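Asker: One structure follows; several queries about it will come next.
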Amino acid sequence: MASERIGVYPGTFDPITNGHMDIIQRAATVMDRLVVGVAVNAGKGPLFSVEERVRMVRDEVAGLNDGDSERVSVAAFENLLMDFAVEQGACMIVRGLRAVSDFDYEFQMASMNAKLNSGVETVCLMASDKHQFIASRLVKEIAMLGGDISAFVSPRVAGLLEERRAGR
């Protein structure tokens, strides 16, 4: 019997966007199990705490179709991605590519990760055309300035961003 294909999709998810969810949904269809790894990443100055981001991702993943939500789990991590992948039993790291500019960074990261652990492959999924321009950083900026972010995040996440903007 073939071993279970486990993938890790890492990110800050501050906040989780429709683009992230698109990658999660698609990755879940090609793997037996997907672990969404929420990076602590305090250096990026996240708007939401790691606990809030994990909860946000879990809530979004719970709405996946076709039983995919049962194959997707969410966990925070603050160690090396390769160490986290090994802890999860993963054979793949999933990354999303939005534009050509993402490729150079992802290529460098994949090469470095391969040097750290050649047993874990990096797989890049191209963003769907309707999500190519979505970046969490831009979504946060638009939200904090009172702009309409409904095309970029779920209503639940938009509400959380509005609460944060209002200081609640």
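Asker: Suppose only helical runs count, i.e. DSSP H with n ≥ 4. What mean residue ellipticity at 222 nm does that imply for the chain under -39500 (n - 2.57) per run, divided by all residues and rounded to the nearest 500 deg cm²/dmol? Intermediate values should be presented prior to the final figure.
Answerer: On the way: 6 runs with 70 residues, N = 168.
Per the formula, -13000 deg cm²/dmol.
Asker: Next question. In degrees between 0 and 90, to the nearest 10, how far off the longest principal axis of the chain does helix 18-30 point, with axes built from Cα atoms?
Answerer: Once rounded, the angle reads 20 degrees.
Asker: Under 13 Å from a label point 7 Å along Cα→Cβ of SER101: give me every residue in the stretch 138-154 with its amide N that close.
Answerer: Taking a point 7 Å out along Cα→Cβ of SER101, the residues of the stretch 138-154 whose backbone N falls under 13 Å are 138.
Asker: Sorted by mean Cβ packing within 10 Å, highest first, what order do the peptides 51-59, 98-106, 126-134 take? Don't skip to the end; give the middle numbers.
Answerer: Working: 51-59: 18.2, 98-106: 11.9, 126-134: 15.0.
Result, highest mean Cβ count within 10 Å first: 51-59, 126-134, 98-106.
Asker: Taking 0.36 nm per residue of separation and subtracting the Cα-Cα distance, what length does fully extending LYS44 through ALA151 add? Please report the intermediate quantities before stating the final value.
Answerer: Numbers: separation 107, 0.36 × 107 = 38.52 nm, distance 2.41 nm.
Computed gain between LYS44 and ALA151 is 36.1 nm.
Asker: Please report the net charge: other residues with Cβ closer than 12 Å to the Cβ of ALA27, K and R +1, D and E -1.
Answerer: After counting each charged neighbour, the total is +2.
Asker: Do me a favour and compute the ellipsoid semi-axes for the stretch 64-134 from its Cα gyration tensor, root of five times each eigenvalue, largest one first, whole Å.
Answerer: That gives 21, 20, 10 Å for the three semi-axes.
Asker: Using Cα positions and a limit of under 16 Å, work out the aspartates and glutamates in reach of LYS130, with same-chain residues fewer than 8 apart set aside.
Answerer: LYS130 reaches ASP22.
Asker: Continuing with this model, one more query. Beyond 24 Å, how much of the Cα-Cα pair distribution for the stretch 6-130 remains, as a whole percent? It would help to have the intermediate numbers written out before the result.
Answerer: On the way: 1642 of 7750 pairs.
Looking at the stretch 6-130, the distances longer than 24 Å represent 21 percent of pairs.
Asker: Then there's this: Applying a 10 Å radius around every beta-carbon, put 10-22, 82-94 in order of their mean neighbour count, most first. All intermediate terms of the calculation are to be shown ahead of the outcome.
Answerer: Details: 10-22: 22.3, 82-94: 19.3.
The densest-packed peptide leads the list: 10-22, 82-94.
Asker: Can you give me the Cα centroid spacing of the stretch 106-168 and the stretch 1-67 in angstrom?
Answerer: The stretch 106-168 and the stretch 1-67 have Cα centres separated by 10 Å.
Asker: Which percent, nearest 5, of DSSP beta bridges in the stretch 6-130 are antiparallel?
Answerer: Here the antiparallel bridges make up roughly 0 percent for the stretch 6-130.
Asker: Under 21 Å Cα to Cα from LYS44, which lysines show up? Leave out anything in the same chain fewer than 8 places away.
Answerer: Partners found: LYS140.
Asker: So what's the net charge close to MET144: Lys and Arg +1, Asp and Glu -1, counting the other residues with Cβ under 9 Å from its Cβ? Walk me through the numbers before you get to the answer.
Answerer: Values: positive: LYS140, ARG164, ARG165; negative: GLU141.
Net local charge, MET144 excluded: +2.
Where a number appears in this text, it was derived from the coordinates with a stated rule and is not lab data. Because the structure is a prediction, the values reported are computed rather than measured. As a convention, Cβ positions derive from the backbone with ideal geometry for all residues, glycine included, and neighbour counts pool all protein chains shown.
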